[in-house]
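Participant: Have a look at this one before I ask anything.
Read the figures in this text as sums done on the coordinates, not as results from a lab. The shown structure was predicted, so the numbers you read here are calculated from the model rather than taken from an experiment. Please note: Cβ atoms are built from the backbone with ideal geometry, for glycine as well, and neighbour counts cover all protein chains shown.
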Amino acid sequence: MNENLFASFITPTMMGLPVVIIIIMLPSMMLTSSNRLLSNRFHTFQQWVVKMITKQMMSIHSPKGQTWCLMLVSLIIFIGSTNLLGLLPHTFTPTTQLSMNLGMAIPLWAGTVFLGFRHKMKSTLAHFLPQGTPIPLIPMLIIIETISLFIQPMALAVRLTANITAGHLLMHLIGGATLVLTSISPPTAMITFIILVLLTILEFAVALIQAYVFTLLVSLYLHDNT
Amino acid sequence: MASLVSLKGKKLMEVKLGELPSWILMQNSTPRGTVGAFQRGYDRYYNKCINVWKGSILGINMVLAAYVVFSYCLSYQELNHEQQGKFYWRRVSVDGTAHLCTTACHTPIREEVNRGRVFKS
């Protein structure tokens, strides 16, 4: 049972070839591009979503921060679409892999930090010491602030991994319980099925929210450093 | 008789199941007519699923369904082993008491049967 529970999180291979590459590229294959002013419905809807995301995310930034627009909007669309595609039955979700999320979080966070050190050195170093700190506490607080800075990419990656993985595991468990209970006690199975439906709705929300949170935090780190 | 006369003008979806053989016989069975019928059917499928301008959401749903089937094929072996695991859980020992044993998935079921008194469901 324990082995089977985590079997859906193994990276899929087909005859030794990693199929996970195709699965990661699949959301980008489903998003369209068009050079027409008035496109079809799907593309118009996609344009509306991208416009809404851009306005929401990039309005707080300075012109220097707004150069990251393409990166951040691509990030939220990628994570959101990957999470949503992972909610289909039997599919593999790349964002359940810590390796992938660390691969997204560390370079983005490091980029923002280096940008801050490069352009606003004094201001970035000043972040290590909050205003109004009593003098005896300064060394300890600088250590704590440094640790909290280095924790940021780990927290970004682990948050996304844990949320998506936990949701999928819960769905597996409750689905398995519903199946088993169908033969034992149908009314209880009905209750578990209703819980499963509600959980699935929650997972749809979590998929989008986690994408938003990831991108928002990267955008905040960028805002602090530009 | 009145129904036979009006049957010819009906489309396939409007024909009742009992009238289907007589409807097929009434259709244009020349090669040109048959090819035309298949062409019309394909055009309907193309305009609904594949044509980006006139298509509906059915086209994308087709892609997602194909993706689900593909993922199922990838995870088929794991699901098969999980199904086989259930056999191992119902092994009954010599004195009749049931023991819950889990063996590795790669152990073939034939060995369990040859040891005798194994009940599989």
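Participant: Work out, step by step, the length gained on full extension between A:T146 and A:K55: first 0.36 nm times the residue separation, then minus their alpha carbon distance; give nm to one decimal.
Facilitator: Length difference between fully extended and current span is 29.5 nm.
Participant: In terms of Cα to Cα distance under 28 Å, which lysines are near enough to A:K55, apart from those fewer than 8 places away along the same chain?
Facilitator: Qualifying lysines at Cα under 28 Å: A:K64, A:K120.
Participant: Run the numbers on chain A and let me know its relative contact order in percent, using alpha-carbon pairs under 8 Å that are six or more apart.
Facilitator: Answer for chain A is 29 percent.
Participant: Setting aside same-chain residues fewer than 8 positions from B:K48, which lysines have a Cα under 27 Å from its Cα?
Facilitator: The qualifying lysines are B:K8, B:K10, B:K11, B:K16.
Participant: Per DSSP H run of n ≥ 4, the term is -39500 (n - 2.57); total these for chain A, divide by its residue number, and report the mean residue ellipticity at 222 nm rounded to 500 deg cm²/dmol.
Facilitator: Computed ellipticity for chain A at 222 nm equals -25000 deg cm²/dmol.
Participant: Something else: Quick one: helix A:138-184 against the long Cα principal axis of chain A, what's the angle to the nearest 10°, folded into 0 to 90?
Facilitator: 10 degrees
Participant: Read phi for every residue in the stretch A:116-129 and hand back ³J(HN,Hα) as whole Hz from Karplus 6.51 cos²θ - 1.76 cosθ + 1.60, θ = phi - 60°, with x for Gly and Pro.
Facilitator: x, 5, 6, 9, 9, 4, 5, 5, 5, 5, 5, 4, 6, 9
Participant: Right, next: Taking every alpha carbon pair in the stretch A:45-170, what does the distance histogram look like in 5 angstrom bins from 0, in percent?
Facilitator: Result returned by the calculation: 2, 9, 14, 16, 16, 16, 11, 8, 5, 2, 1, 0.
Participant: Something else about it: Report the charge-dipole magnitude of the protein assembly as shown in Debye, nearest 20, computed about the Cα centre from +1 at each Lys and Arg Cβ and -1 at each Asp and Glu Cβ.
Facilitator: 1180 debye
Participant: Additional query: With the calculation restricted to Cα positions, what are the radius of gyration and Dmax of the protein assembly as shown in angstrom?
Facilitator: 29.1, 105
Participant: Taking R0 as 25 Å, what FRET efficiency do you get between A:T11 and A:M154 from their Cβ-Cβ distance, rounded to the nearest 0.05?
Facilitator: FRET efficiency, A:T11 to A:M154: 0.70.
Participant: On to the next question. What is the spin-label model distance, in nm, from A:N35 to B:Q84 if the labels are put 7 Å beyond Cα along the C-beta direction?
Facilitator: If labels sit at A:N35 and B:Q84, their model points lie 5.5 nm apart.
Participant: Something else now. For the pair A:M121/A:H172, report the inter-label distance in nm, with labels modelled 7 Å from Cα in the Cβ direction.
Facilitator: A separation of 5.1 nm, rounded to one decimal place.
Participant: Just to confirm a number: summing +1 for Lys and Arg and -1 for Asp and Glu over residues other than B:K48 whose beta-carbon lies under 14 angstrom from that of B:K48, what do you get?
Facilitator: Here the charged neighbours net out to +3.
Participant: Between helix A:41-58 and chain A, what is the angle of the helix's C-alpha long axis to the longest principal axis, kept within 0 to 90° and rounded to the nearest 10?
Facilitator: Roughly 40 degrees between the two axes.
Participant: Which distance in nm do the two modelled labels at A:S62 and A:T133 give, with both placed 7 Å along the Cα-to-Cβ direction?
Facilitator: Between A:S62 and A:T133, the label points sit 2.3 nm apart.
Participant: Further, regarding this structure: Projecting each Cα onto the charge dipole of the stretch A:7-224 (Lys/Arg +1, Asp/Glu -1 at the beta carbon, about the Cα centre), which of A:L37, A:A7, A:P27 comes out farthest on the positive side?
Facilitator: Of the candidates, A:L37 comes out farthest on the positive side.
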